[in-house]
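Down below is the structure, laid out as structure tokens.
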Amino acid sequence: MLGSALEDFCNGIINRVERHHLLLVPTLVLIAFYLGRKYSTSVAHLDSKSNLVGQQPGWFPHIWAKYRYVFNGYRLVYDAFNEQTEGKKILRIPIFGQKLYMLPAKYVDELKSLPEATLSSSYAVSDYFLGSYTTLDHSMFGDSTWRVVRDFLTRRLSMLVAPLSEECIISFEEEFPICEDWTLVDIHSHLLKIIGRMTSRVFVGNQLSSDPSYRQTCIDYATCVFQASGLLKAFPAMLRPTLCLFNPHIWRIRFHYLNAKRHLLSEIAQRRQSAVKQENMLDWLIANSGSEDPLGIVKRQLGLSFAAIHTTTNHLTNVLLDLAARWDQYAPELIEEITQALSEDEAVLKKSTLSKLSKLDSFMKESQRLNPPSALSFNRKLMRPLILSDGTYLPESSYIAAPSGPLGQSDDHFLRSSDFDGFRFHRKRQKATGLEKSATYFTSTGIHSMVFGHGRFACPGRFFASLESKTVLVYILLNYRLSLPGDGSRSPNLTFMDALFPDPKQKVMFRRCKPYSIPSGGKP
């Protein structure tokens, strides 16, 4: 009975449409116009409520703001944050081809747990690096990739310390200067090779990671993506299809993508047929891919290398520059902490050893706080319209971010926030309990610590990055002395748009020392 009534109703609608088909097109046009006006009105309303970062009076203020942001975006975000009552207003970030809004911290808690279907982290990353031109597809950072990182990489950190430590020692022997006397070292370029080797050892196994061609592709692919997207983002979106034809980094990306396919496709085929399973990222991706096209695994492997190698290298470069500038102040206590922890673990570096290095963890977090990779974090793309708790309307296909850099240096939250205090978080850790204590660790996230993001899509690889970084720092502290040339102060960081990175030309003085002897079973 109900089915017959529904059928009659539908037939009636169809008959009316057929009788009045001449009215159908105008009606649809009016509906589309209404919806379009509603969307544009909502966007215009949000734009009217929010100030444009970097805007100044004059001709074409929006255009000039975008170019100011290209060359000085990092500082503009900090200045706007301070001017807008410590980030309590929504601000528009002037980027060609994107509607990006910088939200106050008060919104983060209500947004941090929303699903990918509403707020997408993977699409935000892909679009930020212009994935349609750079091959950095959103699928590289989707849930299937992060699930493997969470469920396999992070849960196996204990068994990864030995291969990481072994590869670290081999890499320093083969890639680093001897430094018998004080030697100037291009620290960034050498760390890039060392981190590339260590990461590849864990991601693809010993055999493939020993291939210099594959290692170089993992390093250069990420470098070219950064450079290509940076150049293209300096121009309006309509010019990018033409400009990418003349962008040499785009062609290098294609080369490295093909080279990765050449190495990985045959390796994937062999491993799928082999009964012997290895404990590395490539095997875990294969095991969790089902019948997925091997090209999907290749892309996800490249995406993970992109996410891991350069971010860790830049962070370690900043840590070593900060350490070299303050060696006498911090190194003795750090070395004492390391030797004590090793003595308790029978002079063998283990995950438990690294977990005991509270002062080193604090030093890393403080260096990251003052040298964040970007002024913005918590980047998301709106996959559907969203109304916030106070009625603010965020339109579909727009982007949001939080001012993680300024929040991490807020005077309201940190005492003498602009001063470097290497043991700041170690001291807090000694006094705090519960959630307050857990917020002091390098891998912790929160409103004032969003370098790794926050909430549902916080970077799942941060625990591996911490383990890898500490492994390198332990080796350096036990085997070298560091200082900076000249007056002993580090050179300023470089910026591009909202990104901050250490000057790759900054050199550090290294001198090899006699390795510290590790006492057994007691204090050194």
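The values are calculated or read from the model by the stated rules, or taken from the named source; none is laboratory data. This one's a predicted model, so the numbers in the text were calculated from it and none came from an experiment. Note that we place each Cβ from the backbone using ideal geometry, even for glycine, and neighbour counts take in every protein chain shown. These accessible areas exclude ligands, DNA and RNA; they are computed on the full protein's heavy atoms, side chains included. Shrake-Rupley method; radii C 1.70, N 1.55, O 1.52, S 1.80 Å.
Give me the base-10 log of I(q)/I(0) for the range 287-365 at each q in 0.12, 0.13, 0.16, 0.26 Å⁻¹, Debye formula, one uniform scatterer per Cα, rounded to two decimals.
Here log10 of I(q) over I(0) equals -0.56, -0.62, -0.76, -1.16.
What ranking of Glu116, Glu267, Glu396, Glu173 comes out by heavy-atom accessible area, probe 1.4 Å, highest first?
Numbers: Glu116 60, Glu267 35, Glu396 80, Glu173 135 Å².
Largest to smallest exposure gives the sequence Glu173, Glu396, Glu116, Glu267.
If I fit a long axis through the Cα atoms of helix 187-204 and take the longest principal axis of the Cα atoms of the chain, what angle between them do I get, 0 to 90°, rounded to 10?
For 187-204 against the chain, the angle is about 70 degrees.
Provide, as a two-decimal number, the C-alpha radius of gyration of the range 190-303 over 2.2 N^0.38 Å, N being how many residues it has.
That ratio works out to 1.20.
Normalised by the residues of the chain, what does the relative contact order come to in percent, with Cα pairs under 8 Å and at least six apart? The partial results should precede the final answer.
Working: 749 pairs, mean separation 122.0, N = 524.
Relative contact order here is 23 percent.
What distance in nm separates the two pseudo spin-label positions at Asp487 and Asp345, each 7 Å out from Cα along the beta-carbon direction?
With each label point 7 Å from Cα toward Cβ, the separation is 4.0 nm.
Roughly speaking, what is the stretch gain from Arg75 to Ser389, that is 0.36 nm per residue apart minus the C-alpha to C-alpha distance, in nm to one decimal?
Extra length available between Arg75 and Ser389 comes to 110.0 nm.
Can you check what the net charge comes to around Ala325, using other residues whose Cβ is under 15 Å from the Cβ of Ala325 (Lys, Arg +1; Asp, Glu -1)?
On the way: positive: Arg326, Arg481, Arg490, Lys507; negative: Asp322, Asp328, Glu366, Asp419, Asp421, Asp487, Asp503.
Here the count lands on -3.
In the neighborhood of Leu192, defined by Cβ-to-Cβ distances under 11 Å, what is the net charge if each Lys or Arg adds +1 and each Asp or Glu adds -1?
0
What ³J(HN,Hα) values, in whole Hz, does the Karplus curve 6.51 cos²θ - 1.76 cosθ + 1.60 give for the range 252-268 when θ = phi - 60°, with x put for Gly and Pro?
5, 4, 4, 4, 5, 5, 5, 5, 5, 4, 4, 7, 8, 4, 5, 5, 5
Quote the FRET efficiency, to the nearest 0.05, computed for Met238 versus Asp293 with a Förster distance R0 of 25 Å and r equal to the Cβ-Cβ distance.
Rounded to the nearest 0.05, the efficiency is 0.15.
Using the Cα centre of the range 149-296 as the reference point, and only Cβ charges (+1 on K/R, -1 on D/E), how large is the resulting charge dipole? Debye, rounded to the nearest 20. Walk me through the numbers before you get to the answer.
Numbers: 16 positive and 16 negative charges, 167 e Å.
Taking the Cα centre of the range 149-296 as origin, the dipole is about 800 debye.
Considering the options Ser291, Asn379, Leu316, tell which one lies farthest towards the positive end of the dipole of the chain, charges being +1 on Lys and Arg and -1 on Asp and Glu at the Cβ, about the Cα centre.
Among Ser291, Asn379, Leu316, the one farthest towards the positive end of the dipole of the chain is Asn379.
Please figure out what share of the DSSP beta bridges in the chain is antiparallel and state it in percent, rounded to the nearest 5.
Counting only bridges with both partners in the chain, antiparallel ones make up about 85 percent.
Can you find, among Ala432, His454, Ser491, the residue farthest towards the positive end of the dipole of the range 422-524? Put +1 on the C-beta of Lys and Arg, -1 on that of Asp and Glu.
Ala432
Apply the Kirkwood formula to the range 202-251: the hydrodynamic radius equals the inverse of the mean of 1/r over all pairs of different alpha-carbon atoms; give it in Å with one decimal.
Details: mean 1/r = 0.0799 Å⁻¹.
About 12.5 Å for the range 202-251.
Can you give the percent of C-alpha pairs in the range 413-524 whose distance is more than 24 Å?
48 percent
Would you work out the charge dipole size for the chain about its Cα centre, treating the Cβ of every Lys and Arg as +1 and the Cβ of every Asp and Glu as -1, and quote it to the nearest 20 debye?
So the dipole magnitude of the chain works out to roughly 540 debye.
Simple spin-label model, 7 Å along Cα-to-Cβ: Ser274 to Ile169 in nm?
2.5 nm
Calculate the spin-label point distance for Ser397 paired with Glu180, positioning each point 7 Å from the Cα along the beta-carbon direction, and give it in nanometres.
Distance between label points: 6.6 nm.
Using alpha carbons only, how many angstrom separate the centre of the range 199-213 from the centre of the range 261-310?
Rounded to whole Å, the Cα centres lie 12 Å apart.
Pairing the Cα long axis of helix 212-233 with the longest principal axis of the chain, what angle in degrees results, from 0 to 90 and rounded to the nearest 10?
Computed tilt is about 50 degrees.
Taking only the alpha-carbon positions of the range 102-169 and ignoring solvent, what does the Debye formula give for the base-10 log of I(q)/I(0) at q = 0.19, 0.22 Å⁻¹?
One equal scatterer on each Cα of the range 102-169 leads to -0.91, -0.96.
For the chain, what is the mean residue ellipticity at 222 nm derived from helices alone (per DSSP H run of n ≥ 4: -39500 (n - 2.57); sum divided by total residues; nearest 500 deg cm²/dmol)?
It comes out at -18000 deg cm²/dmol, rounded to the nearest 500.
Using a 10 Å cut-off on Cβ atoms, rank the peptides 429-441, 282-294 from the highest mean neighbour count down.
Those peptides, ordered most packed to least, come out 282-294, 429-441.
By accessible area of protein heavy atoms, probe 1.4 Å, what ranking do Tyr133, Tyr67, Tyr330 get, highest first?
Tyr67, Tyr133, Tyr330
How high is the relative contact order of the range 210-364, given as a whole-number percent (alpha carbon pairs under 8 Å, six or more residues apart)?
The value is 22 percent.
Kindly provide log₁₀ I(q)/I(0) values, in the same order as q = 0.09, 0.11 Å⁻¹, from the Debye equation applied to equal alpha-carbon scatterers of the chain.
Taking Cα atoms of the chain as identical point scatterers yields -0.71, -1.03.
Could you calculate the FRET efficiency of Lys505 with Ala432 from 1/(1 + (r/R0)^6), where r is the beta carbon distance between them and R0 is 51 Å, rounded to 0.05?
0.80
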